[in-house]
Amino acid sequence: MRPEEDIENFVRVRKPRVTTSEQMDNRTLHDSFAAMEQTIQVKSTKYKPSVLRNRRIRLVAAAAAAIIVAIGLFLGRYRHTPEIPTTEHREAAQSETILISMISMRMTYQRGGFDALDQQFRDTLDVLGPRSSGASMKDLLREINGS
Amino acid sequence: MIEDKILVWRFNRGSKDAFRRIYEKYKDALLGLAVTMLRDRSLAEDIVHDVFVSFAGTAGTFHLSGTLKGYLLTCVGNRVRDYNRLKTESDIGLNFVDTISSNSNGPMEDAISREESGQLQELLARLPYEQSEVIVLHLHHRMRFGQIAKALSVSINTVQSRYRYGLEKLRSIMSNGVTK
């Protein structure tokens, strides 16, 4: 086949087969890691959130969490009323709380992918901190909302 | 694609392993593009190095909207374009013969591959940069026109026009027997 007849094929088959040298790999990775460390260091020294802003975020997140939990519990009860026929029982989640978390995570992922999930994790940790997972919902709400 | 999303997610959290994996995955493709467009191996290595170092500097804030490969290839393309703007034409293309180091398929195959790639690089150098860039991204790196358009921030019609005119010009150069 002459190149004039199939110019695309002519270009395609002449793709250069290049590989990086070990020296280049070492140099690039070394410099890149240094750049990464520097960026992360600068970020960590720059990040000083104001108390007021942090508090606001906490309050908003706590209120949102409380609403989600309340709706989840309400829906959970409503589902078990005799008027609504229940479908086949599946043990997908061990408790209502876990199911609500799963639904919340799925909705977050649909909304904004990994970035949104990551933001939600951060917000959750900001609000709940290192509290024991055995704490009851009531206790958590009382502690977070202060009432 | 999913793997890239996870790698970027880990990279944004400072994972050097994730960065290393990204580097291993795309280094040869990026170097191939740079070599094709520049016809100078050492310069191409410098450009790929700079792209990765610059990418590493975005750890924690990097947001991936298209494909990671497309993003990195575009970074290389932009740097090559900047370099070509600064460089005078007379300096270009003196050592393209030494640009290819293949995976050693045998001396004869290497020599043929080297000659063929050199021939293509010579031809591409005669096209406007925008046209050769689109041709290489589409035919060598299998990027779709839509992806290229998004990466270059131009319309898909512009990309298709550049591709078509580039191919026509290549065909014209070859049929005129300018290259041997």
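Every number in this text was worked out from the coordinates using simple rules, so none of it is lab data. Worth saying up front: this structure is predicted, and the values here are computed from it rather than measured. Note that each Cβ is placed from the backbone with ideal geometry, even for glycine, and that neighbours are counted across all protein chains shown.
Points worth noting:
- In this label model, A:Glu8 and A:Lys43 are separated by 4.1 nm, measuring between points 7 Å along each Cα→Cβ vector.
- Subset of B:Lys16/B:Lys69; B:Lys16/B:Lys150; B:Lys25/B:Lys169; A:Lys15/B:Lys16; B:Lys5/B:Lys27 violating a 23 Å alpha-carbon distance limit: B:Lys16/B:Lys150; B:Lys25/B:Lys169; A:Lys15/B:Lys16
- Extension gain (nm, one decimal) between A:Gln94 and A:Gln119, 0.36 nm per residue minus Cα-Cα: 6.5 nm
- Estimated FRET transfer efficiency (B:Tyr165, A:Asp31; beta-carbon r; R0 45 Å; 0.05): 0.70
- Put in order of Cβ neighbour count within 10 Å, fewest first, the listed residues B:Lys150, B:Lys16 become B:Lys16, B:Lys150.
- Each label point was placed 7 Å from the Cα along the Cα-to-Cβ direction; for B:Asn176 and B:Thr58 their separation is 3.9 nm.
- With all pairs of separate Cα atoms included, the range B:1-64 yields a Kirkwood hydrodynamic radius of 12.3 Å.
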